[in-house]
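Report on the structure given below.
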Amino acid sequence: MSLTLPTLFLTTAISVNSASAADDIITENQNSELSTDKTAKANSVTDTKQVVAAAELEKTVASVPEQNQPQLIAQTGEGNPDDVDKIRQDLLIEPLIKIKVAPAPKPTYPPGLSFAGPSAFGANMSDAFVGLSGTTAGKTRNVIDGSTSLGFGLGDSQKLVGLEFAYSNNSIRKFGVNGSFDLKAHRIVYAKGTNQVGVAAGWNTFANYGTDPTGPSSAYGVVTSYSLLKPNDSVNKMPISFSAGVGGGSFRQGNASTGVFGGVGVQVHPQVGVGLGWSGVGLNLGASLVPVPTIPLTITLQGVDLTDNSTGGTIFAFSIGYGFNFLPK
């Protein structure tokens, strides 16, 4: 068949989201500092008045003849610190309303929206993913089989370019006998408001090992847009994704040198995405599910080559993937 098991997983398993945090709120310590400042200023004014009065008295005494000067008795002393602290505490005003800062919400993850080919978005620095997929028997294989995949990202697609590397063990029945490696360079070229556009160039099966077939080496280029149909909806902003690309290898039919692929996917529920697309050789139809919104685990079901054009024929595929970031952001 023209689409390998790892390709089915890698094009559907991973998605990204974002979250926001609330600003800090003024605490009741400000009331304490305000009262303390007022008390300190009042004490400072009183001390100043006492110093001025003492200076004037000294001048008056100096002008009186020594024999007529009365005996002056001065009393000095410092206030009790305990009394000052008590006054400060008495001046504190209890706030009428106490506001507690709510903890930042946990990030949530959307379902996948690509079902017929690679997306122009990919993994960046410290992003990683693992997955497991399986398919029914087809024209070229009369038994059920599956594959495992893992990958990671480097770089930054928003600042310069992101690089995604992936490895696939292409058969669970013959585990470790054959495998392949994929590479994708991707960049976000437009991001404004509720819209993003990405471009990517990739090479599936740029290297492989083993004697069993792993699928043809396939270079490709793709453009993907991501928009929100309902940006003001607090429940489901309804993201929609369009992809269009061209490539060789598994993306072409017969003796053609290249083939065209593309697809569309829409999030019909915060945890469910559906879509269809043309893989270059056949029509695919699929659905993606995130069972727990705060856990980046994605389950994908799809019918592959429903038009029965490929050498492998119509098959049904299942995949489960988990994406994560292994460094703090």
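How much accessible area per residue does the range 188-307 have, in Å², with a 1.4 Å probe?
With the other protein chains kept in place, the range 188-307 gives 48 Å² per residue.
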Inset, instruction - Please give the length that would be gained between ASN325 and ASN236 if that part of the chain were fully extended, namely 0.36 nm times their separation in residues minus their C-alpha to C-alpha distance (nm, one decimal). - result: 29.6 nm
Legend entry - Distance in nm between pseudo-label sites at MET125 and LEU297 (7 Å out along the Cβ direction from Cα): 3.1
Inset, instruction - Mind giving me the nanometre distance, one decimal, between the label points for GLN253 and ILE144, set 7 Å out from Cα along Cα→Cβ? - result: 3.1
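Between ILE172 and SER227, what's the calculated FRET efficiency when r is the beta-carbon distance and R0 is 45 Å? Round to 0.05.
Efficiency computed from Cβ-Cβ geometry: 0.75.
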Legend entry - Nearest-10 value in Å² for the accessible area of ILE320, using the 1.4 Å probe: 50
Legend entry - Pair HIS269, ALA207: separation of 7 Å Cα→Cβ label points (nm): 4.3
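As an exercise, use a Förster radius of 56 Å and the Cβ-Cβ distance of GLU94 and PHE318 to find the FRET efficiency, rounded to the nearest 0.05.
0.35
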Inset, instruction - Evaluate E = 1/(1 + (r/R0)^6) for ALA137 and GLN158, where r is the Cβ-Cβ distance and R0 equals 30 Å; express this FRET efficiency to the nearest 0.05. - result: 0.10
Inset, instruction - Would you rank PHE251, PHE165, PHE175 by solvent-accessible area, highest first, keeping every protein chain in place and using a 1.4 Å probe? - result: PHE175, PHE165, PHE251
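The values are calculated or read from the model by the stated rules, or taken from the named source; none is laboratory data. Bear in mind that the values here come from a model prediction, so they are computed numbers and not experimental data. Glycine gets a Cβ as well: all are built from the backbone with ideal geometry, and neighbour counts include every protein chain shown. Just so you know, the surface numbers come from the protein's heavy atoms only, side chains and all, with ligands and any DNA or RNA stripped out. Shrake-Rupley method; radii C 1.70, N 1.55, O 1.52, S 1.80 Å.
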